[in-house]
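Every number here is computed from the coordinates shown, using simple stated rules; none is lab data. Computed from a predicted model, the values in this text were never measured in an experiment. Virtual Cβ from ideal backbone geometry, glycine too; neighbours counted across all protein chains shown.
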Amino acid sequence: MYLDNSKEIKVRYFFRFNDESKIELNLTLNPEDLSIIEPKIEKFPEWAELKNFKCSHCPLNELEVKYCPLALRIQTILSLFNNRISFEEVDVFVETPIRNYSKTTTLQAGVSSLLGIFMVASGCPVMGKLKPLLYFHLPFASVTETEIRALSIYLLAQFVKKIKGEQPDWDMKKLKDIYDDVRLLNYNVSRNIVNLAEKDASINSLIILNNFAEFVSLLLDEKIIDELEFYLKDFF
């Protein structure tokens, strides 16, 4: 997403609909920890309190943290897209410090890409474990692209650990645990907001992200390497 860690990371998502209506969202991230600087949180709804929104595997303490950080960020998405249909066609433009992207796609695919930033950068300790992927955010990524990025970046981390004299996780057991937790979180979040959205755009976008998590978990569980071997065979 960026190369200079001394500057704020600015990302712009622009949605243009067939009826000529437009939705624009500008994000600013702290380069040190990928926390969201802008947009600031202005509303703190009761439904976003941790006691109302907490996932079963959430490590946060309700006595110390009043609001679920993920819920507070999701409210921004809900407020922007809750009156839209998930399969509505839309032109999506994404501007990042490195390059720009554009695609005519369904709204749920565009919102899913945007949620990929909001959820990981929200401050949620479960989603925060995917921050290494967020440094190299790829809008509109396919399942295969997401899979390759997750596996390769994780294995690169294990190589760095080996060089530093630490114990690497070459079997990627911890990565499987991370994605199992993400899948459970996405299920819980989808269930929690099902009564909040007027229509289904945001919920279907969460389902897309959940599909990504399930696919990576399935790959690690079943040791399916044929597809990876096809892409990597010239390295053998």
Exercise for the section: Could you size up the charge dipole of the range 73-169 around its Cα centre, putting +1 on the beta carbon of Lys and Arg and -1 on that of Asp and Glu, and report it in debye to the nearest 20? Expected result: 420
Completion exercise
Note on the chain: contact order normalised by length, alpha-carbon pairs under 8 Å, 6 or more apart, percent, works out to 20
Handout entry: Extreme residue, positive dipole direction of the chain, given options 216, 175, 60 (C-beta unit charges)
Key = 60
Problem - Set of lysines with alpha-carbon distance to residue 40 below 26 Å, sequence-local pairs under 8 removed - result: 7, 10, 22, 51, 54, 66, 129, 131, 199
Handout entry: For the range 1-69, size of Cβ-based charge dipole, Lys and Arg +1, Asp and Glu -1, in debye
Key = 100
Practice task
Treat every Asp and Glu Cβ in the chain as -1 and every Lys and Arg Cβ as +1, leave all other atoms uncharged, and give the resulting dipole magnitude about the Cα centre to the nearest 20 debye.
Solution key: 460
